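Trainee: Sharing a structure, written as structure tokens. Questions coming.
Coordinate-derived values only; no laboratory data. Computed from a predicted structure; not experimentally measured. In this analysis, Cβ positions are derived from the backbone assuming ideal geometry, glycine residues included, and neighbour counts consider all displayed protein chains.
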Amino acid sequence: MTREVLIDAAVSLTEERGLSDWTTRELAASLDTSLSVVAHHVGDRSELSAAVVDRVSQRIAVPPQIDSWQEWLRELLIEIRSVFVQYPGVAQWALVHGPVTPAIAPILERAVSVLLDAGFGDNAARAYTVVFTTCMSHIAIGDSRSAVGRDHRSIRQQMPADRGPGLDAVADLIDSMSEPGGITRHYIYALDCLLGGIDATRSR
């Protein structure tokens, strides 16, 4: 038994069930090994979770350098979402624990450096944190809804039949988010709003 095999199995369990919905005992049983072996090679449950998040984060393809900081950051956050949505609970872990794994740290270094080069100055780290945490929250909400069997169709069914123009617009939005690719489009819209927002603060 090796650390790599154990983490691979933990990543598979996370993909199937979510990061918080499997136990160390279940991981050990899936590999026909013992809890002591898991603890020896990886550590306790918190260390296992960090190892899973790190392994998943290694799958993020950081975009090549381009002239537009907005387009680069947009591509990065779309890429992060495409990876994290495959592993429920990883976005929530990143929100709570921050950039504390070996694979996440260099991504953060690059992202904040891009904003420093774009003229954000002392607000570069703050600006990236606002964008990153909001995007992770978007993913985490989706994970939570999936975990309890709640989707946009069920939300739509609970809306009142007697609606004004405002609620009609909300209903249309929910319908669009129920369509294939609808949640991704909503995420990108939110991301574009965030990027426009932090751009407006650069001269402050």
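Trainee: Using alpha carbon centroids, what distance separates the range 86-135 and the range 1-52, in Å?
Mentor: With the range 86-135 and the range 1-52 each reduced to a Cα centre, they are spaced 26 Å.
Trainee: I would also like to ask the following. Within the range 105-125, find all residues whose amide N lies under 19 Å from a label point positioned 7 Å from the Cα of E79 along Cα-to-beta-carbon.
Mentor: Output list for this probe position: 105-118.
Trainee: Which values of log₁₀ I(q)/I(0), to two decimal places, follow from the Debye formula for the range 3-57 at q = 0.24, 0.29 Å⁻¹ with a uniform point scatterer at every Cα?
Mentor: Once normalised to I(0) and log-transformed, intensities are -0.87, -1.33.
Trainee: Now a separate question. Excluding E71 itself, calculate the net charge of residues whose Cβ lies under 15 Å from the Cβ of E71, where each Lys or Arg counts +1 and each Asp or Glu counts -1.
Mentor: Overall, the nearby charge balance is -4.
Trainee: Oh, and also: Given a Förster radius of 41 Å and the C-beta distance between E71 and V5 as r, what FRET efficiency does 1/(1 + (r/R0)^6) yield to the nearest 0.05? Don't skip to the end; give the middle numbers.
Mentor: Numbers: r = 39 Å, r/R0 = 0.96.
That gives a FRET efficiency of 0.55.
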